[in-house]
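Below is one structure, written out as structure tokens; comments come after it.
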Amino acid sequence: MSRYQRQQLVENLRKKGISDEKVLEAIGTIEREKFIPPTMIHNAYKDIALPIGFEQTISQPYTVAFMTEKLNVKKGDKVLEVGTGSGYQAAILAFLGAQVYSIEINLELYHRTVKLFDKLGIRVHAKYGDGTIGWAEYAPFNGIIVTAGSPTIPTKLKEQLVIGGKLVIPVGGRDYQDLYVLTKISDDEFKTEVYHRFAFVPLLGKEGWEKK
């Protein structure tokens, strides 16, 4: 896989409306093929979601870029990621200078991805557990990004944001969701933006979906 293919992807994302140059630089630098199964490598720089096993996917690059752009990450920000998955989103956040705290509910996937972080030298505070209840030990966070679709917005995640912090989360049914971007104005007040028609795997956990 070449840097040229990553740059083609970056130009594609730019045409689709992604304008944050730091986010585009991250997409153009992080090698997506490292986060997907070997059988999928030929699709690494297509703007599509790909299966990674365990009924999980690595999100479409446009979705990763869009959510990251909405999170408005600043260097040094403490960011909670709910759903470590392949590790690609965490790698993008780490590239942007965030202190990344990431929770994965699938134990096998957690172990696989933590090994990958070690191999690639990516600094992420990761743990196995239920991300819908957040990570109180390290709260509050400047940003929280949820990489699976939730039936509602988990209360614990809203509580664990700093004033002025942002929560980016897909909310809706099991198949399709709208992307909610919440900015915390005060302890009980949020500014909400909604972007329609996204598709994520279900968010499992106490404040998410029950496992089928």
Completion exercise
When N142 is run through (1) touching a residue at least 40 places away in the same chain (Cβ under 8 Å); (2) buried (at least 24 other Cβ atoms within 10 Å of the Cβ); (3) in a strand (DSSP E or B), the failure sits at (2)
Practice task
Write out, first by first residue and then by second, each pair whose Cβ atoms fall under 9 Å of each other, whose residues are 6+ apart or on separate chains, and whose first residue, in the stretch 54-65, is among the aromatic types (F, W, Y) while the second is surrounded by 19 or more Cβ atoms within 10 Å (Cβ to Cβ) and in a helix (DSSP H, G or I).
Solution key: F54/L109; Y62/L13
Exercise for the section: Would you check if there is a residue in the stretch 159-170 being among the hydrophobic types (A, V, I, L, M, F, W, C) and in a loop (DSSP other than H, G, I, E, B)? Expected result: no
Problem - Complete set of residues in the stretch 146-167 that are hydrophobic (A, V, I, L, M, F, W, C) and over 13 Å from F200 (Cα atoms) - result: I153, L157, L161, V162, I163, L167
Handout entry: Single unsatisfied condition, E137 versus (1) acidic (D, E); (2) without any contact (Cβ under 8 Å) to a residue 40 or more places away in the chain; (3) surrounded by fewer than 17 Cβ atoms within 10 Å (Cβ to Cβ); (4) under 21 Å from G53 (Cα atoms)
Key = (4)
Completion exercise
Of (1) surrounded by 16 or more Cβ atoms within 10 Å (Cβ to Cβ); (2) under 23 Å from A65 (Cα atoms), G208 satisfies every one except (2)
Fill in the blank from the handout: Filter the stretch 177-205 for residues that are modelled with pLDDT of 95 or more, in contact with a Phe, Trp or Tyr (Cβ under 9 Å, 6 or more places away or on another chain) and loosely packed, with under 12 Cβ neighbours inside 10 Å; the one that is farthest from T147 (Cα to Cα) is T192
Fill in the blank from the handout: Selection from the stretch 60-84 of residues more than 19 Å from G208 (Cα to Cα), part of a loop (DSSP other than H, G, I, E, B) and in contact with a helix residue (DSSP H, G or I) (Cβ under 8 Å, 6 or more places away or on another chain) yields V73
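One line per residue, one yes/no per condition, for (1) assigned to a strand (DSSP E or B); (2) over 24 Å from D47 (Cα atoms); (3) out of contact with any Gly (no Cβ under 8 Å at 6 or more places or on another chain); (4) in contact (Cβ under 8 Å) with a residue 40 or more places away in the chain:
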residue	(1), (2), (3), (4)
S86	no, no, yes, yes
A91	no, no, yes, yes
E108	no, yes, yes, yes
H111	no, yes, yes, no
F117	no, no, no, no
R123	no, yes, yes, no
A126	yes, yes, yes, yes
Problem - So T132, is it polar (S, T, N, Q), farther than 26 Å from L24 by Cα and surrounded by 23 or more Cβ atoms within 10 Å (Cβ to Cβ) - result: yes
Fill in the blank from the handout: Checked the stretch 117-158 for anything acidic (D, E) and more than 16 Å from the chain's Cα centre (by Cα); matches are D118, E137
Exercise for the section: Give the residue, chosen from R174, R123, that is of a type outside the set (D, E), surrounded by fewer than 17 Cβ atoms within 10 Å (Cβ to Cβ) and touching a helix residue (DSSP H, G or I) at 6+ places or on another chain (Cβ under 8 Å). Expected result: R123
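The values are calculated or read from the model by the stated rules, or taken from the named source; none is laboratory data. Please read all numbers here as calculations on a predicted model, not as lab measurements. Virtual Cβ from ideal backbone geometry, glycine too; neighbours counted across all protein chains shown.
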